[in-house]
1. Note down the relative contact order for the chain as a percent, whole number, built from C-alpha pairs under 8 angstrom at least six residues apart.
2. How much of the accessible area of the chain, probe 1.4 Å, is carbon plus sulfur, in whole percent?
3. Just to be sure I understand, if you calculate percent of Cα pairs over 17 Å apart for this structure, which of [x] 37; [y] 44; [z] 59 do you get?
4. Quick one: accessible area per residue over the chain, 1.4 Å probe, rounded to a whole number of Å²?
5. Suppose each label sits 7 Å from its Cα in the direction of the beta carbon; what would the A16-R35 distance come out to in nanometres?
6. Which of the helices in the chain, when you take each full DSSP H run, stretch at least 27 Å along the axis at their Cα atoms and have an average Kyte-Doolittle score of -1.0 or higher?
7. Would you compute, from DSSP H runs of 4+ residues alone, the mean residue ellipticity of the chain at 222 nm, taking -39500 (n - 2.57) per run and dividing by the full residue count, rounded to the nearest 500?
8. Gaussian network model of the chain, Cα springs within a sub-10 Å range: biggest mean-square fluctuation belongs to which of Y53, Y27, Y37?
Amino acid sequence: MATTAVWFGLLLAVKAVALWAVAKLVYNVYFHPLRRYPGPLLARATRLYHVYYDVRGVSVWHVKAWHEK
């Protein structure tokens, strides 16, 4: 009986995080004050674009190039 409650709580937490992530994506793409600035959808919607370049170690040069455009 207790394991059912634990699984239900875990499922509820996963659903809450997924709902938050979708709401954040929709907000960033459609309602954020900077939504009209051009750029790739992934870069406008999430931080994954920046994380990718951070992991590769070249983010400083890419951010500088983006700002020079």
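The values are calculated or read from the model by the stated rules, or taken from the named source; none is laboratory data. Given the structure is predicted, the values throughout are model-derived calculations rather than measurements. Note: ideal-geometry Cβ built from the backbone for every residue, glycine included; neighbour counts use all protein chains shown. For accessibility, only protein heavy atoms count, side chains too; no ligands or nucleic acids. Shrake-Rupley method; radii C 1.70, N 1.55, O 1.52, S 1.80 Å.
1. After rounding, I find 18 percent.
2. 72
3. Correct label is [z].
4. Using a 1.4 Å probe on heavy atoms only, each residue of the chain averages 90 Å².
5. 2.7
6. Within the chain the helices that satisfy the rule are 2-26.
7. So the helix-based figure for the chain works out to -22000 deg cm²/dmol.
8. Residue with maximal mean-square fluctuation among Y53, Y27, Y37: Y37.
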